[in-house]
2 protein chains.
Amino acid sequence: MSALFEGYEAAPFKARRDRLSKRLDGALALVPAGGTSSRNFLAQAYPYRASSHFLYLVGLPLIDGMLVVDGDEHTLFLPKAPDDDALWHGAQPGHQEIAERTGCRVVHINRLADALGGQRVATVPAPDPITRARQSALLGREVTPGRFDEADLPLVDGLIALRSVHDEAAIGGLRRAAAVTTAAHLAAMSVTRPGMREADVRAAFDGIVVAENLEYAYGPIVTVHGEVLHNSAHGNRIDKGDLLLADVGAEAEGGWAGDVTRTWPVSGKFSTTQREFYEVVLAAEEASIEAVKPGARYRDVHLASCRALAAGLVDLGVLTGDPAELVADGVHALFFPHGVGHLLGLDVHDMEDLGDRAGYAPGRKRAEQFGLSYLRLDRDLEVGMAVTIEPGLYQVPAILEAPRFRELAKGRVNWERLRDFADVRGIRIEDDVLVTDAGREVLTAEIPKTIDALEAIVGSRA
Amino acid sequence: MSALFEGYEAAPFKARRDRLSKRLDGALALVPAGGTSSRNFLAQAYPYRASSHFLYLVGLPLIDGMLVVDGDEHTLFLPKAPDDDALWHGAQPGHQEIAERTGCRVVHINRLADALGGQRVATVPAPDPITRARQSALLGREVTPGRFDEADLPLVDGLIALRSVHDEAAIGGLRRAAAVTTAAHLAAMSVTRPGMREADVRAAFDGIVVAENLEYAYGPIVTVHGEVLHNSAHGNRIDKGDLLLADVGAEAEGGWAGDVTRTWPVSGKFSTTQREFYEVVLAAEEASIEAVKPGARYRDVHLASCRALAAGLVDLGVLTGDPAELVADGVHALFFPHGVGHLLGLDVHDMEDLGDRAGYAPGRKRAEQFGLSYLRLDRDLEVGMAVTIEPGLYQVPAILEAPRFRELAKGRVNWERLRDFADVRGIRIEDDVLVTDAGREVLTAEIPKTIDALEAIVGSRA
């Protein structure tokens, strides 16, 4: 009855471990699954999510387990289920069954310290602090998120190399996440009606994602205040003149993320000003998607959106000047402060736990300029990488009213003209894009995004 | 735009702090809100839930905040929002606004260590290990869940005294949780159809709870394998002959929990054997609810269910012997291994973080007998306490096939007769009950539980 092995196949995970072991430079790799996190008291845990590194290499959410890769020998160190576990949680697969299904040796975790003794060990920090404390104790050095010991680098760099270029099983996971995300956005668009609350639309997403027996890849954003970039509240009424911004992605079985944003009019009709801003964002998104291809530098993909946004705002009379110069000076960033996207994989911001070592190619560093400084990715794209493309236009009071940005604008923002667009607080359009030999494949292409398509579907439920 | 103060009133929280301060015996109380917990990487946190103690005394989920109660002086030590917070999260209320709204002093958290210096401080552990490490560092002693320093006891016992007897605001919160829980169960019953998956019914619960902009009070159980007591998977198909067990409760604004279980036939019709077992559980639940009144000992409320279950199983020919003797010997526990309920409040198992010090009256201890040993509550009931009543009947293979329980049964289980009930794997019926002057009020009484009412509603959606 255990659902643990449903849909599980051992081969892709063994292949990944084999590829990883060749990159370890003789070190042992210690990869923790991580433990549960309490919500309000110990027995009330949040839904368990294993570390993405562990899921990548093992494929099973084995709470408190640790994988050790030692050349050809792959060992899972696991706790035993407590005696009364079958009473409360039903019969669970035992160590022997896990060994047979995974092809790993399985050893009780109380033997891990001995197994590591005196060896050179590389590790990556678990998501939860209790497991990190265990890692620190095992290795006799502090294991902290975002900081790596020299000894960890072969594992860190091996994981980055493997996880940034997706294998077939990974692409299958991303397609599944995209498919459920697509169905969920369609459902949300079709239920939208003026007078609802944001939470009602959020519930329509759940109607698909939860019924598929999945979780979200990240906290859903469903808001009429799209200008608040990380807005997780859903309490506002949605009214006739509002645009609703929904940044929602399902997490497929095995942990693969979808990450999609759409922005649609609550009434089913864009106003003229909403339409004008929307077309600018859509043109920017298409420009960046077109720029995705093997060999392209992701910062250039970002800049393609910046230029299109600047050009569009010049055409609308909101900005004045040469679009290229506006982008060079960062003026576009007053309206588009964030990066155009990031790696996508088992994490929605894939391998963000490994910091810019994952997102930035060796020798490249984050810019200091406002806007560009938030770009999470600057690698040359390769076939098999997956990225998001998600430009936006926002009127963020904390930016537009700040003296330092007023200064930056230096007469190049037409504030009076901007006032015409008061009903456009925030727009973002985001798709998931796989780099292919032919250039790219938009995994989420079935989700409506043209004005006509959105106006046709919003509020269409009988 | 911040939703922080929506529906917030300062008075009930100030009154609670005032009552608490009288019980502190001159010590300062340090009550942490707790921090966020990462899901897969640092920036991807689970939805934040403040500590119930903090919510009880402050009413606002102030991440990483700490309350200090020092006689009449109530101070919130809070971090400042980072500089770019308004960009990502919108304008947040500042310290001054929080001070005005709460009536507390607000001080930057980096001054907390000085404020505590040299004082006698009582604390309770935060739900998350990072905050607990901070508490340990502040107090120079280990702050660990489930273990209390002598110095903490005035605070621990004060919180138990206050939180176990609900004030008007608390009862309002419990009523709201019960109302949403009621609507959600009605929705789930009415969508149930053979051929669905458990996840489809779970999604119907979300359709209400999420649309109300609430979270669940605990991980929902929606399963055709009710005999797995803590079953959080939702992947099974639900078929014509199955009983579906749903243990699902909403968490109201402010953190108040609902906790309700219903069991209904997927087809809309109980089989004869399902009906027979169901009536036994319902009679047990009613017996325990009747036993709830001021002055009643909760263990006796539990035993009322045990006796009714034993008597019912004797009538059905599954058990033989005198019901009172069967209960005394713990034979009923083969089919009803858990306790009949627990305190209900801001935690679904209220104050479980404080252990049996909260659930058991001074001088009372958990029994060692299987069954009774799982009883979470053994206090004398008082007006204003809220408890769950949740007897069940289960056929748990790990129990029924275990030699030690076979031995316990000593010919008093008719295994052949039991085989007739193979289509009844697990039944539980659970309501939320407030102790009143008149005896009791069932807060969740509107959720159908008679066989006729369930058969009328299941699958009734047009």
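The values are calculated or read from the model by the stated rules, or taken from the named source; none is laboratory data. In this text the structure is predicted, and so the values were computed from the model without any measurement. All Cβ positions, even for glycine, are placed from backbone atoms using ideal geometry, and neighbour counts span all protein chains on display.
Values computed for the structure shown
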quantity	calculated
Condition broken by A:N40, with the remaining ones in (1) surrounded by fewer than 17 Cβ atoms within 10 Å (Cβ to Cβ); (2) at pLDDT below 95 satisfied	(1)
Residues being over 20 Å from B:V331 (Cβ atoms) and touching a Leu at 6+ places or on another chain (Cβ under 9 Å) - total across the stretch B:384-407	5
Those residues of the stretch B:411-462 which are small (G, A, S) and crowded, with 19+ Cβ neighbours inside 10 Å, in sequence order	B:G426
Counted residues, the stretch A:71-86 - those being surrounded by 17 or more Cβ atoms within 10 Å (Cβ to Cβ), over 30 Å from A:E150 (Cβ atoms) and away from chain B (no Cβ under 14 Å)	0
Breaking point among (1) surrounded by 14 or more Cβ atoms within 10 Å (Cβ to Cβ); (2) within 14 Å of another protein chain (Cβ to nearest Cβ), for A:T144	(1)
Test result for B:H185, over 27 Å from A:N236 (Cα atoms), of a type outside the set (S, T, Y) and either buried (at least 24 other Cβ atoms within 10 Å of the Cβ) or at the interface with chain A (Cβ under 9 Å from one of its Cβ atoms) (or both)	no
Complete set of residues in the stretch A:150-182 that are without any contact (Cβ under 8 Å) to a residue 12 or more places away in the chain and either in contact with a Lys or Arg (Cβ under 8 Å, 6 or more places away or on another chain) or among the aromatic types (F, W, Y) (or both)	none
Some residue of the stretch B:262-276 being assigned to a helix (DSSP H, G or I), away from chain A (no Cβ under 14 Å), under 30 Å from B:T192 (Cα atoms) and free of Cβ contacts under 8 Å to residues at least 12 places away in the same chain	yes
Residue list for the stretch A:11-57, filter: of a type in the set (G, A, S), touching a helix residue (DSSP H, G or I) at 6+ places or on another chain (Cβ under 9 Å) and within 30 Å of A:L87 (Cβ to Cβ)	A:A33, A:G34, A:G35, A:S37, A:S38, A:A43, A:A50, A:S51
Unmet criterion (only one of (1) away from chain B (no Cβ under 14 Å); (2) closer than 26 Å to A:G384 by Cβ) for A:P127	(1)
All strands (runs of 3 or more DSSP E) inside the stretch A:333-452 with 3 or more residues being touching a Phe, Trp or Tyr at 6+ places or on another chain (Cβ under 9 Å) and touching a residue at least 40 places away in the same chain (Cβ under 8 Å)	A:392-394, A:426-428
Qualifying residue in the stretch B:148-155 (condition: within 19 Å of the chain's Cα centre (by Cα) and within 24 Å of B:S21 (Cα to Cα))	no
Residue in the stretch B:271-290 that is under 27 Å from B:K365 (Cβ atoms), in the same structural domain as B:D423 (by TED's automatic domain parsing), among the acidic types (D, E) and surrounded by 22 or more Cβ atoms within 10 Å (Cβ to Cβ) present	yes
So B:G317, is it in a loop (DSSP other than H, G, I, E, B) and within 29 Å of A:S38 (Cα to Cα)	no
Pairs, first within 14 Å of another protein chain (Cβ to nearest Cβ) and within 14 Å of B:L76 (Cα to Cα) in the stretch B:89-100, second outside any loop (DSSP other than H, G, I, E, B) and of a type in the set (A, V, I, L, M, F, W, C), C-beta under 9 Å, six or more apart	B:G94/B:V106
Count of residues meeting criterion [within 21 Å of B:N231 (Cβ to Cβ) and within 14 Å of chain A (Cβ to nearest Cβ)] in the stretch B:379-421	11
Which listed residue is assigned to a loop (DSSP other than H, G, I, E, B), closer than 30 Å to B:A445 by Cα and not hydrophobic (A, V, I, L, M, F, W, C), from B:P127, B:P194	B:P194
Residue that is farthest from the chain's Cα centre (by Cα) [pool: residues in the stretch B:203-217 that are facing chain A (nearest Cβ under 8 Å) and either modelled with pLDDT under 95 or within 20 Å of A:A3 (Cβ to Cβ) (or both)]	B:A203
Check on A:R19, assigned to a helix (DSSP H, G or I) and surrounded by fewer than 24 Cβ atoms within 10 Å (Cβ to Cβ)	yes
Set B:R49, B:R17: member being touching a residue at least 40 places away in the same chain (Cβ under 8 Å) and within 11 Å of chain A (Cβ to nearest Cβ)	B:R49
Options B:V106, B:V68, B:V31: the member that is under 27 Å from B:Y218 (Cα atoms), more than 10 Å from every other protein chain (Cβ to nearest Cβ) and at pLDDT 95 or above	B:V31
So B:V222, is it touching a residue at least 40 places away in the same chain (Cβ under 8 Å) and within 19 Å of the chain's Cα centre (by Cα)	no
Test result for B:D200, surrounded by fewer than 24 Cβ atoms within 10 Å (Cβ to Cβ), more than 14 Å from every other protein chain (Cβ to nearest Cβ) and assigned to a helix (DSSP H, G or I)	no
Given (1) of a type outside the set (F, W, Y); (2) at pLDDT 95 or above; (3) not in a helix (DSSP H, G or I), index of the condition A:A304 fails	(3)
Count of residues meeting criterion [among the hydrophobic types (A, V, I, L, M, F, W, C), free of Cβ contacts under 8 Å to residues at least 24 places away in the same chain and under 15 Å from A:G35 (Cα atoms)] in the stretch A:102-147	1
Residue ID - farthest from the other protein chains (Cβ to nearest Cβ), chosen from residues in the stretch A:237-261 that are buried (at least 20 other Cβ atoms within 10 Å of the Cβ) and over 23 Å from the mean Cα position of the chain (by Cα)	A:L243
Selected residue (criterion: modelled with the lowest pLDDT) from residues of the stretch A:136-147 that are over 19 Å from A:A115 (Cα atoms) and in contact with a Leu (Cβ under 8 Å, 6 or more places away or on another chain)	A:G146
Residue count, the stretch A:164-182 (criterion: of a type outside the set (A, V, I, L, M, F, W, C), closer than 26 Å to A:A361 by Cβ and assigned to a helix (DSSP H, G or I))	3
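Residue-wise test of (1) within 12 Å of chain B (Cβ to nearest Cβ); (2) closer than 16 Å to A:A161 by Cβ.
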| position | (1), (2) |
| --- | --- |
| A:A324 | no, no |
| A:G330 | no, no |
| A:G339 | no, no |
| A:H342 | yes, no |
| A:L346 | yes, yes |
| A:L354 | yes, yes |
| A:A361 | no, yes |
| A:K365 | no, no |
